[in-house]
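Reading through the structure tokens given below for one structure.
The values are calculated or read from the model by the stated rules, or taken from the named source; none is laboratory data. None of these values were measured; they are calculated from a predicted model. Reconstructed Cβ throughout: ideal geometry from the backbone, glycine too, with neighbour counts over all protein chains shown. Just so you know, the surface numbers come from the protein's heavy atoms only, side chains and all, with ligands and any DNA or RNA stripped out. Shrake-Rupley method; radii C 1.70, N 1.55, O 1.52, S 1.80 Å.
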Amino acid sequence: MLRMRNPRKELNDIRFEYQPTKDTADGIAQELLGTGLIADEDIAPMAQNLQMIVSNPPPNRVVTFRVSTGFNENDVLDEQNLTGFAQLSLTD
């Protein structure tokens, strides 16, 4: 599951299935871009963190990372509220 703010700053939970035999982290990131859910500059961090959580998940199965989508230069970074951050988590 991906939790992040969209370009209108609305917090979204985006659930998707990741099948290692069919999907790639880059492919998923490109799909998110294609649907307007992430900005172009967030493709690389999204793919890197997705690959990390799938191949070597942390004990809590959650990774939070910096993104540009839904964040303006006059906003205050806030990891708790996911302002300027996104969060990937593994769910069953």
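Values as computed for the structure displayed
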read-out	value
Heavy-atom SASA rank of THR21, THR64 (probe 1.4 Å, accessible area, largest first)	THR21, THR64
Rounded tilt (10° steps) of 43-55 against the dominant C-alpha axis of the chain	40
Tensor-based shape of the stretch 39-92 (alpha-carbon gyration tensor, a/c under 1.5 rounded, otherwise prolate or oblate)	oblate
LEU11, LEU2, reordered so the largest accessible area comes first (probe 1.4 Å)	LEU11, LEU2
Extension gain, GLN51 back to GLU10 (0.36 nm per residue minus Cα-Cα distance, nm)	12.2 nm
Length gained when the stretch ALA44-GLU73 is fully extended (0.36 nm per residue, less Cα-Cα span)	8.4 nm
Angle between the chain longest axis and helix 25-34 axis [Cα atoms, degrees, rounded to 10]	40
Using distinct alpha-carbon pairs, which all enter the 1/r mean, Kirkwood radius of the chain in Å	13.2
Computed over the stretch 50-92: relative contact order in percent, which uses C-alpha pairs under 8 Å that are six or more apart	44
For THR83, distant residues with modelled amide H under 5 Å away	ASP78
Accessible surface, per residue, of the stretch 1-66 when the full set of protein chains is kept, probe 1.4 Å, Å²	62
Apportionment of accessible area to carbon and sulfur, the chain, percent (1.4 Å)	46
Estimated FRET transfer efficiency (VAL62, ASP23; beta-carbon r; R0 25 Å; 0.05)	0.80
Sequence-separation-based contact order of the chain, relative, with Cα cut under 8 Å and 6+ spacing, percent	34
